Amino acid sequence: MLSIYNTLTKNVEEIRPITPGRVTMYTCGPTVYRYAHIGNLRTYLMADWIRRILEADGNEVYHIKNITDVGHMRQELAEAGGDKMIMAALAEGKSLQEIGEFYAEWFWKDEERTNIKPAHVFPWASHHIPEMLEMVTTLMGNGGAYEAGGNIYFDVNSFPEYGKLSRNFGGDLLEGVRAEADPLKRDPRDFTLWKAAEPGRDVKWDSPWGEGFPGWHIECSAMAHKYLGEHFDIHTGGVDNVFPHHEDEIAQSEGTFGHRHVNYWVHGQHLLADGAKMAKSAGNVFLVEDLATRGFDPLAFRYLCMTVRYRHRMNFTFTSLKAAEKALTGLRNRLWVWRNAAAGAGQHVLSNDGKTWSARFWDAVHNDLDLPTALAITWEMSRSELAPADKVELLLDFDRVFGLDLDKVPMQYEIGPTTSAAIDRRAALREQSAYSDADAMREEVIANGMVVEDIGTATRVRPQTMLELQSARWPSVSASREVPSLLDQPDLYEFTFLLNAYDYVDDVRRCVEAVLRHTGGASVEMIVVDNGSTDGTAEYLEQAQAEHAKVKVIHCDHVVGDAAGKNIGLKQARGKYIILLDASTEVVGDVMSPVAEHLADGTVGVFGPFGLTTDDMQHFHEEVDRGDADAMQAYCMAFRRADLESVGLMHESFRFYRNLDIDYCFQFKDAGYRVVCDSSLPLVRHEHRQWEELEENQRDELSRKNFGRFLKRWGNRPDLLINPAARGFDTGFRH
Ligand SMILES: [Zn+2]
């Protein structure tokens, strides 16, 4: 029987359905005015595994997953500064319903690709306004709610158990609600059930208290009640739903019905990406589509999520995703081999050893969804002496929980006649011990997009996976730590031009070609780091590398972030001088001579054309044309490679470029070097599209975050400024 951690009781408990054999389950579903990311998907996967285990145990599971649409959308969007895509869709005359349907379709597609069983009902919030109003009316009638200014609030003091789920009774609770100081509330913890429509609002409904729209929490109470009744078994969501969403749901529902609402509350932990909270502005929000675009099987993400217990935070990296895909391919291959070995065995009865493996597996999954252990048992079983027929039966049985679609692994992969003939010829050559000829034949098969593996005397051929095909095109790295540092190696060139390239292939091309045009016969290499591009930049760079000996490309399999991308290039650079460029710049003359000239002065650490100065560490100005500066902008920044040993590499917490250049210049200054500027360097600055194409609120957020990082490191070091005393800058900082 499945036991699972109940947030309500803080205990791991056996799931005992209210109606034996039938489990009712509600999952807080997607908000359909944005894409669901892989962190959201992880929570839905958790619910899916719970459902699969309960079903494998013979229960019927009735599963509801709501679709949060409209309601507060306008308000939320306005607060967030507006979402370009939504605003554009609205401007085009698309209705909110159409926008919702668009994102819901994507959500369902992502669920399908990750093999999440569809809920039995996906109720839309906007289609259940009467049910919500009915609950609000009941609460108004029994003293659980009150009206103020056309809004209806839940009266937290009418529900003494408020806080029982989140254990948020006192100070923390106030902490959580402080942001919205609403003078109409009797108690700051009270929350909105119904909100009066403000003038001009077009998404609104009639109610006994005038036109308005529902609060967010009431939708889940009302829809859970409609489809699952007043009392049901399991409610799932992400940990960020515990408070206030689920706490408020309990208060509303139990305040309405006068008895317990849900027996088991189950919450999935957060997913981090590259060690950081996913944020659009940090460039580390990944969608299932992003994984698919990069060649991954979405089921590899499903596999990856099984390697971490649902109650633990999971750090998603492309390195771990690659490992997961490899493991998944391995399981499929083994099943393929066992199936062929067991073929023709007829009716099969599981051996006693097989039953022992089975018992171990089910113990693990029943033990609070311990999928990491279940996977370990599966691999151990696959390597055991068990008969292939037993292995086939067990793995397919386990896959009822895993949901990796292993039953779709065929007995024979379809291979074309050319490949088939090549395999036959290769077998004949091997028989004659003509191994080098056989190997050549093998290469031919691989070139046709197939994988050849010899198991004993048999040869298996299967199509390459998308990932194998993509990584065969060019190697890529997932993190800067995978790239060896050559900083201790001697110089090979006079100059390294370094470009950290994102998408915007035209800008990248302009920048690369300009460097090639103006470096002639000089001793130059140009390193371009392809920072996870998907718009054809990678293909262009491969072509440039093939045509020009100077160009060296390093591909990243995803956006690794700005500092990490630049560090990859720095570690691989072999030029005496490194000239770091941005794709928005275009070299229009000889930049090498002035760079070499200025950097011949050992006191100069950084040289470039776009210097900055500051009076207060808060505002940096482009007012210096020539001479010492407080920092250099990364549009073009040159330094000696030999100094990197003492100065160090860039700080990789800067995923976005902004302020990274200033931060890095302060590293040089801290090591005793000057930053020097000469604006006459022959360089043109074009539109910086990475910045121009950001939304206003993202720019603010990014700038603020990166500036915070900078200030934290250097805020108390005004001594590093070119002339701190003359600027009267000595108050407010610790020395
Ligand atoms: Zn909900």
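The values are calculated or read from the model by the stated rules, or taken from the named source; none is laboratory data. Only a predicted model underlies this, so the values are computations on that prediction, with no experimental measurement involved. Ideal geometry is used to build each Cβ from the backbone, glycine not excepted, and the neighbour counts take in all protein chains shown. With ligands, DNA and RNA removed, areas are computed over all heavy atoms of the protein, side chains included. Shrake-Rupley method; radii C 1.70, N 1.55, O 1.52, S 1.80 Å.
Yes/no per residue for (1) under 28 Å from residue 576 (Cα atoms); (2) open to solvent by less than 20 Å² (accessible area, probe 1.4 Å); (3) at pLDDT 90 or above; (4) touching a Cys at 6+ places or on another chain (Cβ under 8 Å):
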| site | (1), (2), (3), (4) |
| --- | --- |
| 639 | yes, yes, yes, no |
| 652 | yes, no, yes, no |
| 665 | yes, yes, yes, no |
| 677 | yes, yes, yes, no |
| 687 | no, no, yes, no |
| 695 | no, no, no, no |
| 698 | no, no, no, no |
| 702 | no, yes, no, no |
| 723 | no, no, no, no |
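Candidates in the range 292-320 are the residues that are at pLDDT 95 or above and among the aliphatic types (A, V, I, L, M); of these, the one that is most open to solvent (accessible area, probe 1.4 Å) is 308. I'd like to check something: does the range 627-636 contain any residue that is acidic (Asp, Glu) and in a strand (DSSP E or B)? Looking for residues that are acidic (Asp, Glu) and in a strand (DSSP E or B), one finds at least one in the range 627-636, hence yes.
Candidates in the range 58-74 are the residues that are in contact with a Leu (Cβ under 9 Å, 6 or more places away or on another chain) and either within 16 Å of the ligand (Cβ to nearest atom) or at pLDDT below 95 (or both); of these, the one that is most open to solvent (accessible area, probe 1.4 Å) is 74.
Pairing residues of the range 599-610 that are assigned to a strand (DSSP E or B) with residues that are of a type in the set (Lys, Arg), at Cβ distances under 6 Å and at least 6 apart in sequence or on separate chains, gives 604/674. Note on the range 369-394: among residues that are acidic (Asp, Glu) and assigned to a loop (DSSP other than H, G, I, E, B), the one that is most open to solvent (accessible area, probe 1.4 Å) is 385. Within the range 8-22, being outside any loop (DSSP other than H, G, I, E, B) and not basic (Lys, Arg) holds for 11, 12, 13, 14, 19.
When the range 201-239 is filtered for residues that are surrounded by 19 or more Cβ atoms within 10 Å (Cβ to Cβ) and either among the β-branched types (Val, Ile, Thr) or touching a helix residue (DSSP H, G or I) at 6+ places or on another chain (Cβ under 6 Å) (or both), the ones remaining, listed by number, are 207, 214, 217, 218, 219, 220, 221, 222, 223, 234, 236, 238. Scan the range 9-36 for residues that are within 16 Å of the ligand (Cβ to nearest atom) and more than 29 Å from the chain's Cα centre (by Cα) and report the count. Looking only at that region, the number is 1. Annotation: residue 4 fulfils all but one of (1) outside any strand (DSSP E or B); (2) more than 16 Å from the ligand (Cβ to nearest atom); the unmet one is (1).
Of the residues examined, residue 242 is one that is within 14 Å of the ligand (Cβ to nearest atom), within 25 Å of residue 372 (Cβ to Cβ) and either in a helix (DSSP H, G or I) or open to solvent by 10 Å² or more (accessible area, probe 1.4 Å) (or both). For the range 544-571, residues that are buried (at least 20 other Cβ atoms within 10 Å of the Cβ) and assigned to a helix (DSSP H, G or I) total 10. The residue of the range 205-224 that is nearest to the ligand (Cβ to nearest atom), among those that are under 17 Å from residue 191 (Cβ atoms) and not small (Gly, Ala, Ser), is 220.
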